[in-house]
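Here the structure comes first, spelled out in structure tokens, and everything after it is commentary.
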Amino acid sequence: MAANNRRMSGKKGAQVGSGGQRRRGLEGKGPTPPAEMRKGHKKNRIANAKTKQAVRRPAPRGRGGKGTSEMVVGRNPVVEALREGVPATTLYVQQFIDNDERVREALQLVSDRGGIHLMEAPRPELDRMTNGLNHQGLVLQVPPYEYAHPEDLAAAAYDQGEDPLIVALDGVTDPRNLGAVVRSASAFGGHGVVVPERRAAGMTAGAWKTSAGAAARTPVARAANLTRALEAYKKAGLVVVGLAADGEAEVGDLEALGGPVVIVVGSEGKGLSRLVGETCDFRVRIPMPGGAESLNAGVAAGVVLYEAARRRA
């Protein structure tokens, strides 16, 4: 009997449960990641080497100059930027990242758009690139924006046989306002937007998103000195019209909007600066029966651009 018990003890009996580990091991792990993200793959080694060598250098200046490169960080901001078509050169993805819906969508958008490099990087590298911001494992590099020269905007309009319709922004520092103005200019047949080189909003990822794609069609020029750029426009035959709450005339009464014109919009709080205001041929106001003290730059520009487009129709 004892021998029989010994023989039976050698058989496998009930064991502690696996806790579902075996079952989970049989589940699929999703689609195969791109070669750049597969550890040990040649493309992965190349991507990691490029990531370590990536340095943000100032962009060379052309005739209109270039902005600086920008990093969009965080899963939601990166996905939104890719959805809106914001120009991008590289998407950096953290190694061993949790593959949630936003990460998968970002990878899919990059694949669909093409022309965007995909690189895997360790978390410390992404921390260094973003100066410690909460990147959540996704970082999108936006290339420097190539600005036009203010003279190019009027020249392009004349080449098309049209009177130039240009918007200049004076002291507008919110990129979303710039994006809204670019969108309005595109909608009403404007030939471009001019911004000062200093103390002004530039074409960042935020401005691109607000423009809703219009930034790809409507050029933005950057002027080293806005007052001189306006004086150059006047010499070229354009009328400079400034928006001011205390303007001498109402927008609807200004016939000059039907010809070659530059519409100058100031900041919501301070309006036009003194030198820019003195350079304007006309200072006009937008009637506001509702009693509002002022409009933001995007709305104000849209109102005047509509009036200009109506007179040109």
- Item | Single match in Val304, Val284 (criterion: assigned to a strand (DSSP E or B) and either touching a helix residue (DSSP H, G or I) at 6+ places or on another chain (Cβ under 7 Å) or open to solvent by less than 30 Å² (accessible area, probe 1.4 Å) (or both)) | Val284
- Task: Scan the strands (runs of 3 or more DSSP E) fully inside the range 165-226 and keep the ones with 1 or more residues being open to solvent by 30 Å² or more (accessible area, probe 1.4 Å).
- Result: 220-223
- Which one of Gln94, Gln136 is of a type outside the set (Val, Ile, Thr), on the phi > 0 side of the Ramachandran plot and open to solvent by 20 Å² or more (accessible area, probe 1.4 Å)? Gln136
- Failed item, numbered, when Gly237 is tested on (1) assigned to a loop (DSSP other than H, G, I, E, B); (2) within 28 Å of Pro175 (Cβ to Cβ): (2)
- Determine if the range 265-277 includes at least one residue that is modelled with pLDDT of 90 or more, touching a helix residue (DSSP H, G or I) at 6+ places or on another chain (Cβ under 7 Å) and surrounded by 20 or more Cβ atoms within 10 Å (Cβ to Cβ). yes
- Determine the pairs where a residue that is over 28 Å from Gly269 (Cβ atoms), located within the range 297-313, has a partner that is among the acidic types (Asp, Glu) with Cβ atoms under 9 Å apart, the partner being 6 or more residues away or on another chain. Arg311/Glu255; Arg312/Glu162; Arg312/Asp163
- Query: Does the range 231-261 hold any residues that are over 21 Å from Glu307 (Cα atoms) and open to solvent by less than 70 Å² (accessible area, probe 1.4 Å), and which are they?
  - Reply: Ala232, Ala236
- State which residue is nearest to Gly137 (Cα to Cα) when the search covers only the range 81-103 and only residues that are over 21 Å from the mean Cα position of the chain (by Cα) and free of Cβ contacts under 8 Å to residues at least 60 places away in the same chain. Gln94
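For (1) modelled with pLDDT of 95 or more; (2) touching a His at 6+ places or on another chain (Cβ under 6 Å); (3) within 15 Å of Ala223 (Cβ to Cβ), each residue gets a yes or a no:
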site	(1), (2), (3)
Leu169	yes, no, yes
Arg176	no, no, no
Val182	yes, no, no
Gly192	yes, no, yes
Arg198	no, no, yes
Gly202	no, no, yes
- Query: Within the bounds of the range 139-153, is there any residue that is small (Gly, Ala, Ser), within 19 Å of Gly190 (Cβ to Cβ) and open to solvent by 10 Å² or more (accessible area, probe 1.4 Å)?
  - Reply: yes
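The values are calculated or read from the model by the stated rules, or taken from the named source; none is laboratory data. All values derive from a computational prediction rather than experimental measurement. All Cβ positions, glycine included, derive from the backbone under ideal geometry; neighbour counts span all protein chains shown. The accessibility values were calculated without ligands, DNA or RNA, using every heavy atom of the protein model including side chains. Shrake-Rupley method; radii C 1.70, N 1.55, O 1.52, S 1.80 Å.
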